[in-house]
Amino acid sequence: MTRAVMKTQRQGSTPPGKAWPAERLAEARAVIADVAHHSDHLIRLACQVLARHGESDAECREAQVLLLIVDARTPQSHGRHQRPDADDDPEVTS
């Protein structure tokens, strides 16, 4: 591919610095809008994007709340969300 063609492809109709954040926000909103059909990992990622870069305070707060809900319903793995009073040793019954 020649440099002229590459340069033309990079120069889209929108400035490079302005297009990608709007696209990522739109993708995150689409994931949240159809939360039942996406993995928890993808939902978490979308929530993190909206919590940090959402357009309004309400959108950021709602994303944070959904992130808490998804974390609460996800099975505990790798000891990440272990209760402080949990005991790793199996119970011994006699």
Quiz item: Right, residue 57: modelled with pLDDT of 95 or more, of a type in the set (D, E, K, R) and over 15 Å from the mean Cα position of the chain (by Cα) or not?
Solution: yes
Quiz item: Does residue 48 fit the bill of being surrounded by fewer than 16 Cβ atoms within 10 Å (Cβ to Cβ) and modelled with pLDDT of 95 or more?
Solution: yes
Quiz item: Given the conditions (1) in contact with a Gly (Cβ under 6 Å, 6 or more places away or on another chain); (2) modelled with pLDDT under 95, and given that residue 14 satisfies all but one, which numbered condition is not satisfied?
Solution: (1)
Exercise. Six or more apart or on different chains, Cβ under 7 Å: which pairs go from a residue in the range 27-51 that's farther than 11 Å from residue 66 by Cα to one that's assigned to a helix (DSSP H, G or I) and of a type in the set (Gly, Ala, Ser)? Could you list them?
Key: 28/46; 31/46; 49/28
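The values are calculated or read from the model by the stated rules, or taken from the named source; none is laboratory data. Note that the coordinates shown come from a computational prediction; the quantities given were computed from them, not determined experimentally. All Cβ positions, glycine included, derive from the backbone under ideal geometry; neighbour counts span all protein chains shown.
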